[in-house]
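These notes concern the structure reproduced below.
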Amino acid sequence: MSNNKPKLVISSAYASIITIVFVVVITIWAELSVPLKDWLKIFSGHHWTSKSIFSVLLYAVATIILYVLPNKHGQDRLKTILEFLLVITLLGVIVITLFFTGHHFQIF
Amino acid sequence: MLSASQFILPARPFRVPRIGTRSEFRSSYFKNTPPIFYQQNWSVYPVWKCYNCLVDIISLLQSKPVLIGIHLGSAIVGIDAFLWLLGKLKDNSGSQKSRIVTAGIGVIAFIASWIAGGYYYVVYYGTIVKPVIKSGVAPWVHNIVMETKEHIFLFIIPLSVTVFFITLLEKDDIDRLKIRNIVLWLSGGIAVLGLLIGAMGFAISAAARWGVIN
């Protein structure tokens, strides 16, 4: 087995986690901070487009950097990080749904 | 004296804008009449014809029903691809090449859905659909469902690319690394997330329809 392939998967999984956390944080932050949302609108013409561009760039750059870095991951690390990715995705969906529900009802 | 030809043929040849693009596809009898310049220079007529055809294709792709169709159709292909991959992984069937192709189709389909849906959302939704929903019977559909949908969609591309990278591993390596179960969950999770986003899209369309009716 080529050692590069598991490392590529681990790098991509880490980058996906970073991207999902970034999307959740910037989404909530922009809803609560008008200057940030305005800056996102100015950057590309629409806040969602800016978030899309940043998330793609973040994922691509993080994957490349983590892949290039000379870190050696244990074989058991792959399973753990993929499980963590699944949990983070689920949490991301729940947090964003709850946030917009609460925001609609003016809880925050 | 009036003749019928005045009402059938244009008084002056219809000029198709050479630089400007039309935002909507529209069919016209006169659009195929070349400008005078091209009528007088028949050697460059194919250039005009080609350009005119290209403008029509771009206009067609930018029209609202086509964008929605590409957005939804591509998403269905993406969901099906990852469900198909789930079946292959579960039964340990299919060659490695077939798994790579299946996951690749899923990734490309989700990217196409993202671009088409994003263009529609940025150009048309905010100005045309959103006001209808906000003033309709269920304004919460925009505030909760649409806002959630547009942001969790951003999770799908990194997730699907990660699963694509997993398909690059040999079958034996997947078993040796003990990641078969988690890959099943991830592949199924992408499909479920796609279906959830599809259901949200249906709710948004329904809210817009009811907004117009009421």
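The values are calculated or read from the model by the stated rules, or taken from the named source; none is laboratory data. Here the structure is a predicted model, which means the values were calculated and not measured. Neighbour counts are summed over all protein chains in view; Cβ atoms, including those assigned to glycine, are modelled from backbone coordinates with ideal geometry. Areas reflect the complete protein model, heavy atoms only, side chains present, ligands, DNA and RNA absent. Shrake-Rupley method; radii C 1.70, N 1.55, O 1.52, S 1.80 Å.
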>> Between B:Asp172 and A:Leu86, what's the calculated FRET efficiency when r is the beta-carbon distance and R0 is 25 Å? Round to 0.05.
In response: 0.60
> Kirkwood-based Rg over Rh for segment B:64-213 (C-alpha set), two decimals?
Replying inline: 1.08
>> Please give me the summed charge of the neighbours of B:Gly211: other residues whose Cβ is under 11 Å from its Cβ, Lys and Arg +1, Asp and Glu -1.
In response: +3
>> Can you give me the distance in nm between label points at B:Asn92 and A:Lys72, each placed 7 Å from the Cα along the Cα-to-Cβ direction?
In response: 3.0
>> Helix-only mean residue ellipticity at 222 nm, chain A, DSSP H runs n ≥ 4 weighted -39,500 (n - 2.57), per residue, nearest 500. What is it?
In response: -30000 deg cm²/dmol
>> Rounded to whole Å, give me the distance from the Cα center of segment B:122-148 to that of segment B:164-194.
In response: 36
> Are there trypsin sites (Lys or Arg not before Pro) in segment B:116-214 that DSSP puts in a loop and that have at most 14 other Cβ atoms within 10 Å, and which ones?
Replying inline: B:Lys178
>> What does the charge count around B:Glu147 come to, taking other residues whose C-beta lies under 14 Å from its C-beta (Lys +1, Arg +1, Asp -1, Glu -1)?
In response: +3
> If Lys and Arg each add +1 and Asp and Glu each add -1, what is the summed charge of the other residues whose beta carbon sits under 10 Å from the beta carbon of B:Leu168?
Replying inline: 0
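Of the heavy-atom accessible surface of segment B:144-186 (probe 1.4 angstrom), what whole percent is carbon and sulfur?
Reported share for carbon and sulfur atoms: 60 percent.
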> If eta is 0.692 mPa s and T is 37 °C, what Stokes-Einstein diffusion coefficient results for segment A:1-86, Kirkwood Rh from Cα pairs, in µm²/s?
Replying inline: 231
> Which FRET efficiency, nearest 0.05, do B:Asn181 and A:His103 yield, Cβ-Cβ r, R0 41 Å?
Replying inline: 0.70
>> Please give me, ordered by residue number, the GluC sites (Glu not before Pro) of segment B:120-214 that lie in loop per DSSP and have at most 16 other Cβ atoms within 10 Å.
In response: B:Glu170
